[in-house]
Amino acid sequence: LALQCGKDLTKLDLSGLQKLDNEKLNTLKEKCPNLQSLNLSNTTITTLILPEGLKELYLSNCPNLRAQEFAKLASFDKLEKLALSETNIETLDSPPKSLIELDLRQCKSLTAQEFAKLSSFSKLEKLVVTETYIATLDSPTQSLKELDLRGCTSLPAQEFAKLASFSKLEKLAVS
């Protein structure tokens, strides 16, 4: 059905679809070039074959997605919202420069050293790091308006004093 809509389709939710393979992703990329929002959460995809004009991408709970695939996201220069919760992402080396919202909830493969790279996400306004191993608040970008730190047991209490320097912070969640 999505392929029949083709060029007119801007938003597509395929979450939970278990028979999504590389061939279908290639066809989607070719037939739906104007896609702006794509939800592939809870699927069995292993590689990222995506339309290039995406503004929103949801990849939460994609356990078969290979860690090295996340490096491909750096080339998505229009991507503003990215959900990677419960994935096996291991590095934050090359973020899309246009990223405004990032959900890393329960990304257990990310080390404290990787979270230090968040300062390179210059446009980031919303960051969800619930139940991760973030250990410092030194590096998150100063453009943050929303920060979710619930369940971050590796974050020492003294780190919370650093929140005073987040001049644009409007919403904070901790527990």
Query raised in the report: Do we find a residue being at pLDDT 90 or above, of a type outside the set (S, T, N, Q), in contact with an Asp or Glu (Cβ under 8 Å, 6 or more places away or on another chain) and closer than 21 Å to D148 by Cβ anywhere in the stretch 65-80?
Result: yes
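Every residue, every condition in (1) of a type outside the set (A, V, I, L, M); (2) out of contact with any strand residue (DSSP E or B) (no Cβ under 8 Å at 6 or more places or on another chain), yes or no:
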residue	(1), (2)
S75	yes, yes
E86	yes, yes
A116	no, yes
K126	yes, no
A164	no, yes
K168	yes, yes
K171	yes, no
Requested in this report: Report yes if some residue within the stretch 20-28 is of a type in the set (V, I, T) and either at pLDDT 90 or above or not in a helix (DSSP H, G or I) (or both); otherwise report no.
Outcome: no
Query raised in the report: So which strands (runs of 3 or more DSSP E) are wholly in the stretch 116-175 and hold at least 2 residues that are open to solvent by less than 20 Å² (accessible area, probe 1.4 Å), in contact (Cβ under 8 Å) with a residue 24 or more places away in the chain and closer than 14 Å to R105 by Cβ?
Result: 126-128, 146-148
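Take the residues in the stretch 98-115 that are small (G, A, S) and more than 15 Å from L84 (Cα to Cα), then tell me which one is least open to solvent (accessible area, probe 1.4 Å). First the steps, then the outcome.
Residues of the stretch 98-115 that are small (G, A, S), as a first pass: 98, 109, 112.
Subsequent filtering for residues that are more than 15 Å from L84 (Cα to Cα) retains 98, 112.
Details: S98: 17, A112: 36 Å².
The extreme case among them is S98.
Just to check your reading of the model, which residue among L54, L73, L59, L65 is buried (at least 18 other Cβ atoms within 10 Å of the Cβ) and in contact with a Lys or Arg (Cβ under 8 Å, 6 or more places away or on another chain)?
Working: L73 fails: in contact with a Lys or Arg (Cβ under 8 Å, 6 or more places away or on another chain); L59 fails: in contact with a Lys or Arg (Cβ under 8 Å, 6 or more places away or on another chain); L65 fails: in contact with a Lys or Arg (Cβ under 8 Å, 6 or more places away or on another chain).
Exactly one of L54, L73, L59, L65 is buried (at least 18 other Cβ atoms within 10 Å of the Cβ) and in contact with a Lys or Arg (Cβ under 8 Å, 6 or more places away or on another chain), namely L54.
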Query raised in the report: For the subset of the stretch 1-12 comprising residues that are open to solvent by 60 Å² or more (accessible area, probe 1.4 Å) and closer than 19 Å to K78 by Cα, which member is modelled with the lowest pLDDT?
Result: K7
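Taking the condition under 26 Å from D21 (Cβ atoms), buried (at least 16 other Cβ atoms within 10 Å of the Cβ), touching a Ser or Thr at 6+ places or on another chain (Cβ under 9 Å) and without any contact (Cβ under 8 Å) to a residue 24 or more places away in the chain, does E86 pass?
Values: under 26 Å from D21 (Cβ atoms): yes; buried (at least 16 other Cβ atoms within 10 Å of the Cβ): yes; touching a Ser or Thr at 6+ places or on another chain (Cβ under 9 Å): yes; without any contact (Cβ under 8 Å) to a residue 24 or more places away in the chain: no.
Taking the combined requirement at face value, the residue does not satisfy it.
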**Report entry** Restricting the stretch 118-141 to residues that are among the charged types (D, E, K, R) and at pLDDT 85 or above, the residue that is nearest to L172 (Cα to Cα)
**Finding:** K126
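The values are calculated or read from the model by the stated rules, or taken from the named source; none is laboratory data. The structure presented is a predicted model; accordingly, all values stated were derived computationally and were not measured. As a convention, Cβ positions derive from the backbone with ideal geometry for all residues, glycine included, and neighbour counts pool all protein chains shown. For the accessible areas, the whole protein counts, side chains as well, though only heavy atoms, and no ligand, DNA or RNA atoms are used. Shrake-Rupley method; radii C 1.70, N 1.55, O 1.52, S 1.80 Å.
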